[in-house]
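The structure appears right after this line, and notes come after that.
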Amino acid sequence: MSTATQSSGTTGTTDSADLAPVRAESLAAVLVSGARPPRPNALRTSLTFGWRAILKIKHVPEQLFDVTAFPIMLVLMYTYLFGGALAGSPREYIQYLLPGILVMSVVMITMYTGLSVNIDIEKGVFDRFRSLPIWRPSTLVGYLLGDALRYTIASVVMLSVGLIMGFRPDGGVQGVVAGVVLLIVFSFAFSWVWTMFGLLLRTEKSVMGVSMMILFPLTFLSDIFVRPETMPGWLQAFVNNNPVTHVSSAVRGLMDGSWPSAEIAWSLGWAGLLVAVFGPVTMRLYNRK
């Protein structure tokens, strides 16, 4: 009885072992015969990584502090601190200040693109991204698209606070929207600078330190707070050629109801130059990282 059982068990094992290669071949045939999914295009992969950046904001909502509380603090502090001295009253000063503070707030938070890139590199996430069969720049473009949402939120918050405080744009809704769109386009281009530093520098503290060293002169030595005509001649030479001054003047003019074509052209020209210079450098660093 036991001999028969043993014989039966041996036969069952042998049959199972014989069928294993057959099953593997059948599975391989199914996989080979099936149509491979199409390779995602550049737009789809960029939007996917942009959605990833948005999901990171969803799971860590504290990231929105710099686009909500910080802009509110800036507009309140500068309006009521300097408004009476520079324009006679805070209500008069905010008509000039708000577009400039809007530019300053959004431009300053562009550095967080570089910080996000640097953090992902330190965690090893970029190694996985580079092994995927996708358009190489889509990872970096996704970061920038996600940050464009942050720029939009910051703009809406600041404009809402400004309207409550008495800001009245003569350009109406069209002028405000045009100014915000121009600012987001410039900020998108400017973010490539910090993306380069995020790939180049070793730690996020280094990225933040270098970013602040560049951002503070660009934002404070501009026409955001006062008109360049009140400055010394040597300082006017820098302020008048500062890209932040061109963007601030363009946004202020659009919200004022005028069409400052020269300042708009300068702003778009600076945006194109930043992408043309720092885009290839960033991709070269990314490919060699």
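The values are calculated or read from the model by the stated rules, or taken from the named source; none is laboratory data. It should be emphasised that the depicted structure is a prediction, and the values quoted were computed from it without experimental measurement. Glycine gets a Cβ as well: all are built from the backbone with ideal geometry, and neighbour counts include every protein chain shown. SASA here: full protein model, heavy atoms, side chains in, ligands and nucleic acids out. Shrake-Rupley method; radii C 1.70, N 1.55, O 1.52, S 1.80 Å.
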Problem set entry | Set of the range 258-289 residues, backbone N closer than 17 Å to the point 7 Å along the Cα-Cβ line of S206 | 282, 285-289
For this session: For the chain, give the percent of accessible area contributed by carbon and sulfur heavy atoms, probe 1.4 Å, rounded to a whole number.
Result: 67
For this session: Specify the angular offset, from 0 to 90 degrees and rounded to the nearest 10, of the alpha carbon long axis of helix 111-123 from the longest principal axis of the alpha carbons in the chain.
Result: 20
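Given contacts defined as C-alpha pairs under 8 Å and at least six residues apart, what's the relative contact order of the range 41-288, whole-number percent? Show your work: numbers first, answer last.
Details: 325 pairs, mean separation 66.5, N = 248.
Answer for the range 41-288 is 27 percent.
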Exercise. Helix 204-220 versus the longest principal axis of the chain: what angle, 0 to 90°, nearest 10, using Cα atoms?
Worked result: 30
For this session: Work out, step by step, the length gained on full extension between I119 and A85: first 0.36 nm times the residue separation, then minus their alpha carbon distance; give nm to one decimal.
Result: 7.9 nm
Seminar exercise, completed: Nearest-0.05 FRET efficiency for V277 and W135 at R0 = 22 Å, using Cβ-Cβ distance, is 0.55
Problem set entry | Hypothetical label at M77: residues of the range 213-239 whose amide nitrogen lies under 19 Å (7 Å Cα-Cβ projection) | 213-226
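Over the Cα atoms of the range 41-288, Rg to Rh with Kirkwood Rh, two decimal places? Intermediate results must be reported in sequence, preceding the final value.
Values: Rg = 18.5 Å, Rh = 18.7 Å.
Computed over Cα atoms, the ratio is 0.99.
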Seminar exercise, completed: As a Kirkwood estimate from alpha-carbon pairs, the range 110-256 has a hydrodynamic radius in angstrom of 17.2
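Would you mind getting me the FRET efficiency between V173 and L221? Use the beta-carbon distance for r and R0 = 30 Å, nearest 0.05.
Values: r = 32 Å, r/R0 = 1.06.
After rounding to 0.05, the efficiency reads 0.40.
How fast does the range 198-289 diffuse by Stokes-Einstein, in µm²/s, taking the Kirkwood radius from C-alpha pairs at 10 °C and 1.306 mPa s?
Values: Rh = 15.2 Å.
Value of D from the Cα-based Kirkwood radius: 105 µm²/s.
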Exercise. Which residues does a label at I164 reach in the range 63-96, if reach means a backbone N under 13 Å from a point 7 Å past the Cα toward the Cβ?
Worked result: 68-77
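For n ≥ 4 DSSP H runs only, could you compute -39500 (n - 2.57) per run for the chain, divide by its residues and tell me the 222 nm figure to the nearest 500? Mind dumping the intermediate values first?
On the way: 12 runs with 234 residues, N = 289.
Value at 222 nm, helices only: -28000 deg cm²/dmol.
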Exercise. Given the range 166-237 reduced to its alpha-carbon atoms as identical point scatterers, what log10 I(q)/I(0) does the Debye formula return at q = 0.15, 0.19 Å⁻¹?
Worked result: -0.78, -0.98
For this session: Rank A69, A53, M108 by how far each Cα sits towards the positive end of the charge dipole of the range 41-288 (+1 on Lys, Arg Cβ; -1 on Asp, Glu Cβ) and give me just the farthest.
Result: A53
